[in-house]
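What follows is a short report on a single structure.
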Amino acid sequence: MGVSSDNLNGLVLAVSSSFFIGSSFIVKKKGLKKAGLNGLRAGSGGYSYLYEPLWWAGLLTMIIGELANFAAYAFAPAILVTPLGALSIIFSALLAHFLLNEKLHIFGMLGCLLCVVGSISIALHAPQERAIESVKQVWQLATQPGFIVYTCFVLIMVLILIFLFVPKYGQKHMTVYIGICSLMGSITVMSVKALGIALKLTFSGSNQFKYFQTWFFTVVVVVCCVLQMDYLNKALDTFNTAVVSPVYYVMFTSLTIIASMIMFKDWDSQNASQIATELCGFVTILSGTFLLHKTKDMGDDMSPQSSLFASPNTEPSIFRSPNHEVPIFSNPNEEPHIFTNSKSASRKV
């Protein structure tokens, strides 16, 4: 099955986004290492990296990646763009292997291969985006009964988790925090997609910012992102990052695909064989992602934190935007490590 023009644009933007974001971790780390040779290392409390051009180049690279990811939603359906976020893990792992001498285990290489195979499968069978000529059309899709029911379900579940489960179980079961982030994340992506479409139409000459719907979606994006960042950082400050990251990826991506199916009816024009192929591709990516993260613990005894209901620890936190992990410091002076075989190798910046 061929790839439509818009899907191809979205695919290129999504892959470019993953490359830039994955590369940014490597560039930042090289900047930190170089800064450590001329001043107090970041891990020892120094801030000399702020004077290092390489570190700023890494930050700029990450910003470019996030902008490309944002733009990808304006062209392609979420079922194509969202799962491709896993590719940033591959780029980080491969670049760290070749440029930083942080060796990738053989099973990590297999994980990379699985992610690539799954991504290709989804790209070749992704549904074509429907033609949208105004943000008002997106508003009509967002206010249809099915998506309103889904939105109400999300809001009710988030409120229940925040007010009933967080006080009692938040520090014991990471699925509480991750559940809040994933539920809100699915709404975030739908709003990001609506805003991306509005910007795309505006740049083509049809101003969409004269409609209140565009500003409504903008407010939803900001509010949902802030809420996501808050609770995801709580999860990552409390539990093992190597466990939280893949579990969050699974929940966030799954709920985003469900939300996209309900709102944009992505699979209406597809047959059962195409849908099954896309699901198999998604499962393949999930398998590769878990294998990549699991590789970091190879050779070490499994700790209690490897459980889904992991006990608290003090791993550094990261924030994931709709598709990618973006580092946020628990301790801003820690130096990054990427994809080595020790348990301390959680991605940091």
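Which peptide among 209-218, 10-19 comes first, and what is the full order, when sorted by highest mean count of other Cβ atoms within 10 Å?
On the way: 209-218: 16.4, 10-19: 22.5.
Descending mean neighbour count gives 10-19, 209-218.
Sort 135-147, 280-292 for me by packing, meaning the mean count of neighbouring Cβ atoms within 10 Å per residue, highest on top.
Numbers: 135-147: 16.2, 280-292: 21.0.
In decreasing order of mean packing, 135-147, 280-292 become 280-292, 135-147.
Using a Cα-Cα cut-off of under 25 Å, which lysines could be cross-linked to residue 200, ignoring same-chain neighbours fewer than 8 residues away?
Straight-line reach from residue 200, under 25 Å: 136, 210, 265.
Using a cut-off of 28 Å between alpha-carbon atoms, which lysines can reach residue 172, once sequence neighbours fewer than 8 places away in the same chain are excluded?
Cα-Cα hits under 28 Å: 234, 294, 296, 343, 348.
So how do 228-236, 48-56, 84-92, 113-121 stack up, highest first, on mean other-Cβ count within 10 Å? Numbers along the way, then the final one.
Numbers: 228-236: 21.9, 48-56: 16.9, 84-92: 26.0, 113-121: 19.6.
Listed from highest to lowest mean packing, they are 84-92, 228-236, 113-121, 48-56.
When the Karplus curve 6.51 cos²θ - 1.76 cosθ + 1.60 is applied with θ = phi - 60°, which whole-Hz ³J(HN,Hα) does each residue of segment 258-267 get, with x for Gly and Pro?
Computed from phi, the couplings for segment 258-267 are 4, 4, 5, 4, 6, 7, 9, 6, 4, 9 Hz.
Read the figures in this text as sums done on the coordinates, not as results from a lab. What you see is a predicted model; the values in this text were computed from it and never measured. Neighbour counts run over all protein chains shown; Cβ positions are idealised from the backbone, glycine included.
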